[in-house]
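Visitor: I have a structure here, written as structure tokens, and I will follow up with some questions on it.
The values are calculated or read from the model by the stated rules, or taken from the named source; none is laboratory data. These numbers come from a predicted model, not from an experiment. For neighbour counting, all protein chains shown are included, and Cβ atoms are generated from backbone atoms with ideal geometry for every residue, glycine included. Ligands, DNA and RNA are stripped out before the accessible areas are found, and what is left, the full protein with its side chains, is counted by its heavy atoms. Shrake-Rupley method; radii C 1.70, N 1.55, O 1.52, S 1.80 Å.
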Amino acid sequence: MSRDLVTAEPRDAEPRAGPESKPSPGGRRASIWVLNGVLVAVATIVYIVAVAPLRQSGDPMLVPIVIFIAAFAVGEWWRVFIHFRSQTQSFSLSELPLVIGVFMLTPDHLVLARILGTAIALGVLRRQDPIKLLFNLASFALETETVAVLVHRVSGTSGNSPAVWLWVLLFMAAASLLGFGLTGLAITLAEGRQPNRQWLQPFLMVLVGGFANCSLGLAFVALEQARQSAILLLLVTPVAGIFVAYVLYTREYQKHQRLQYLYESSDMLQRASSDGAAIPELLDQLCKVFRAEIATVSLLPVASGNGSWHTISTARGASDHTDSAMTAEHLERFVPLLDETRRGLIVTPETKDVVLREWLREQGFKDAMATLLQGEGMLLGTLVVANRLSDVGTFDTDDLHLFDAFAAQTSVAVQNTRLGNRLRQQAFHDTITDLANRALFVNRLEHALTRRERHDESLAVMFLDLDDFKEINDSLGHMAGDELLARVADRLKLVLRASDTAARFGGDEFAILMEETADAADTMRVAERIVAIFKPRFVIGGREVAISASVGVAVTASRDVTAEELMGQADVAMYRAKVKGKDTYEIFEPGMQDVVARRLEVRTDLERAIDRRELVVLYQPIVDITTSMPVGVEALVRWKHPRWGMVLPAEFIGIAEETGIIRELGLYVLEEACRQWQAWQVELIDEPAFTLSVNVSPRQLRDPSFVTEVWRVLTRVGLPPSHLTLEITESFMVEDPESARERLHELKSLGVRISMDDFGTGYSSLASLQDLPLDILKIDKLFVDHVAEDPRRTAFAQAIIRMGKTLGLGLIAEGVETAEQAERLQSLGCRFAQGFYFSRPVPADEIQRMLHASHAIRLAGGRWDPEAVPAARTWLRVLEETA
């Protein structure tokens, strides 16, 4: 049973460098050319030295030579193939004419017939590649020469001698093993060393098949030389039976190989992870199964998961991945396949369909099998196997059936990869912003710190927290909040480098990793750009939304800093930025840690302060400067901490705003002050009613239920709404004027009065003021300080007073500390004021004593003269002495 090598070298392949890589395709091909040259030289020398002297005299018998040439051509044309990766070991029935020819032809004619018959079969009919054809011709020539020389030199050509038969069997086995060894050497040069077990089955087929073919040839020779030609007819049946068995065996063997390939690919898919590695392995398997040069999967964006056209191709174990934007050209690749939705198709230059032939030409293939990939009720892409490398012709129907099975497996692999990409995206990315999440951010930060230790690279971590984001969620809804987060992420991407990592940690917290930062100034510039991206308003749900951010920055200062420590430092700096006034950034300094630790402690204790009755309400009088009599009080909250003593609002109101405790705290202060007002009224029933002012935070006002809560408190306590003044800040109206106007009108409908606190320090315009239902403007202390001696401050205060009167609003000056300030404000037309000159914030019982004194003075018809008492004494102390 003869065999030959069918190599499968890639076309125009580039060598792959590397000390541990296999020889390049070009190097492997060169090695086989060298082997071919050696074989041709050896065959020529053997012919000249050993075969030519055996040449018999006489004219050649042309008819027998032609017959043997045809027999060798037929024997080489029909073969069974055993495949080694991209190599193919083939076996034929050429031993039959070879054995018969040894006894019936001269040695030179036998060699000539073998070479010509093989050349016709492999070169003309199969159109083998020159490198393969030359190897087969040289190896067959050596085999034929070996058998001819051994038979003529050792056993003789007597076909009736059993001894000769035995010698010929041994000689044929030796020649076959010689050819098998040469084939093995060529495969090793082309593919590298193969496992020994892969050679066992072909080796046994060489011996067993060779002995069977050789025995049939000897039987034919023996009968022919014994002139028993009639008996040859009896051999037709067993020979035909052997031939049929041979055909059936090769078919069953091929089916077994196909099942084995399917099993291996199924097992590979089960073992492979869902990271996409299974697809290149499966394509490599396809190249081996169909002895093809190229296998390619082209995936639509819906399957690739990255919004692009994704192609995975394999050629001889070398895998390549490419991504490109989806174009009309890509879609045209599907057009020829759309009519074949149930199975694939085979395309060759002889295909009748013009569109398919044009598709084949455009793809640059000589032949191909193609099919659509489908799954989950959608079109995923295409699978193509192209450029048949073996010499058994192009793809056939059996190949197509197997190809369909592989296409189903490829669809499964694509869907697994798609699912894996989706799971990884969900595991390491935020679904709202598509930024990295905490897990991925920490992982990249740890790797960056490791690289920094090796290369001394600098890096920085930034923490970003949106200011007052919860109010937007509460007022506009969570869908609007999610949209705002996505828009913030989009703006962050515009100011960051490709090497930077932006992440969302949850809620309204973002983090940024900056690697290879040049210096601190470079980091500060980035922080400034990040703060600046919030200056333009966001359009969410058709509405403009103003929001700012507080940014904390931590820069690596020591080699032994950990990821958690660096993130903690950025978090500390971010909280420091919030304390500083928000809408800014801070760079971490060691002293900040104590401040943040204090804030954390305040936050923890504040959550329990209301339940523990630690919050107390103090009251500061609002007086009529003309009569020096109280017209109302402003309720001010203080925190009487068991360890820290009296804590001022500046230390905990901001934290209460951030945590949302301000809502509960504000309602507590409102109800407590209203109850106290009611108690004062009961005590002094004939005293003219005075007003109660309560500060309301922007976060409370953004709560849709706030108006209802105020009404419930008024109803529960019995306070007339007209005696309650709610003090708001300018910032609430600046951030969302439309919502502010709507909420203030709702409060105004209850009958309460609205006062704008700290007027003049914000950005309120005259146009917005006249549209708001305001009753009072409170002149900020900034304009009251030095109003008595600074003409510019006097001019500012006078302008505010005139504007308030023009709008029909009441005016109250805050922070009056001297008699001169009170007199100057009175001369400018401001009637009401409050400040330390009149009284500090005091407990409710002090206000009650003050009201008794004021009541006594009023009944007596008297008036308090501040010049009659020492200047340092407050109005409250005078009232106490007169009571």
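Visitor: Take region 132-164 and flag every residue that is in a helix (DSSP H, G or I) and either surrounded by fewer than 19 Cβ atoms within 10 Å (Cβ to Cβ) or touching a Cys at 6+ places or on another chain (Cβ under 9 Å) (or both).
Guide: Within region 132-164, the subset in a helix (DSSP H, G or I) is 132-155, 162-164.
Within region 132-164, HIS152, ARG153, VAL154, SER155, PRO162, ALA163 meet the criteria.
Visitor: Suppose we filter region 739-750 for residues that are at pLDDT 90 or above and open to solvent by 30 Å² or more (accessible area, probe 1.4 Å); how many remain?
Guide: Adding up the residues that qualify gives 5.
Visitor: Would you check which residues across region 797-820 are open to solvent by less than 20 Å² (accessible area, probe 1.4 Å) and over 59 Å from the mean Cα position of the chain (by Cα) and list them?
Guide: Within region 797-820, ILE801, VAL816 meet the criteria.
Visitor: Still on this model: Identify all residues within region 293-320 that are at pLDDT below 80, surrounded by 22 or more Cβ atoms within 10 Å (Cβ to Cβ) and of a type in the set (S, T, N, Q); write none if there are none.
Guide: Matches in region 293-320: SER304 only.
Visitor: If the requirement is being assigned to a helix (DSSP H, G or I) and of a type in the set (A, V, I, L, M), which of these qualifies: VAL682, VAL694?
Guide: Working: VAL694 fails: assigned to a helix (DSSP H, G or I).
The unique qualifying residue is VAL682.
Visitor: Which condition number in (1) surrounded by 20 or more Cβ atoms within 10 Å (Cβ to Cβ); (2) at pLDDT below 65; (3) among the β-branched types (Val, Ile, Thr) is the one that THR341 fails?
Guide: (1)
Visitor: Among (1) open to solvent by less than 40 Å² (accessible area, probe 1.4 Å); (2) at pLDDT 85 or above; (3) acidic (Asp, Glu); (4) within 25 Å of ASP430 (Cα to Cα), there is one condition GLU564 misses while meeting the rest; what is its number?
Guide: For GLU564, the exception is condition (1).
Visitor: For region 517-600, which fully contained strands (runs of 3 or more DSSP E) count at least 1 residues that are among the small types (Gly, Ala, Ser)?
Guide: It comes to 549-555.
Visitor: Limited to region 447-479, what total is found for residues that are surrounded by 18 or more Cβ atoms within 10 Å (Cβ to Cβ) and at pLDDT 85 or above?
Guide: Summing the residues that are surrounded by 18 or more Cβ atoms within 10 Å (Cβ to Cβ) and at pLDDT 85 or above in region 447-479 gives 11.
Visitor: Is it true that GLY808 is modelled with pLDDT of 90 or more and on the phi > 0 side of the Ramachandran plot?
Guide: Considered against the rule, which asks whether it is modelled with pLDDT of 90 or more and on the phi > 0 side of the Ramachandran plot, GLY808 comes out as no.
Visitor: Among the residues of region 651-668, is any open to solvent by 50 Å² or more (accessible area, probe 1.4 Å) and assigned to a loop (DSSP other than H, G, I, E, B)?
Guide: No, because not a single residue in region 651-668 is open to solvent by 50 Å² or more (accessible area, probe 1.4 Å) and assigned to a loop (DSSP other than H, G, I, E, B).
Visitor: Moving to a separate point now. What about GLY632, is it in contact (Cβ under 8 Å) with a residue 60 or more places away in the chain and either touching a Leu at 6+ places or on another chain (Cβ under 7 Å) or surrounded by fewer than 17 Cβ atoms within 10 Å (Cβ to Cβ) (or both)?
Guide: yes
Visitor: Moving on. What number of residues in region 770-798 are under 19 Å from GLU823 (Cβ atoms) and either part of a helix (DSSP H, G or I) or not aliphatic (A, V, I, L, M) (or both)?
Guide: Counting residues in region 770-798 that are under 19 Å from GLU823 (Cβ atoms) and either part of a helix (DSSP H, G or I) or not aliphatic (A, V, I, L, M) (or both) gives 15.
Visitor: Another question about this same structure. Which of the numbered conditions does ALA570 fail, given that it passes all the others? Conditions: (1) buried (at least 23 other Cβ atoms within 10 Å of the Cβ); (2) closer than 21 Å to ASP474 by Cβ.
Guide: The number of the failed condition is (2).
For (1) without any contact (Cβ under 8 Å) to a residue 12 or more places away in the chain; (2) at positive phi; (3) within 26 Å of the chain's Cα centre (by Cα), each residue gets a yes or a no:
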site	(1), (2), (3)
ARG537	yes, no, no
MET567	no, no, yes
ASP571	no, no, yes
PHE588	no, no, no
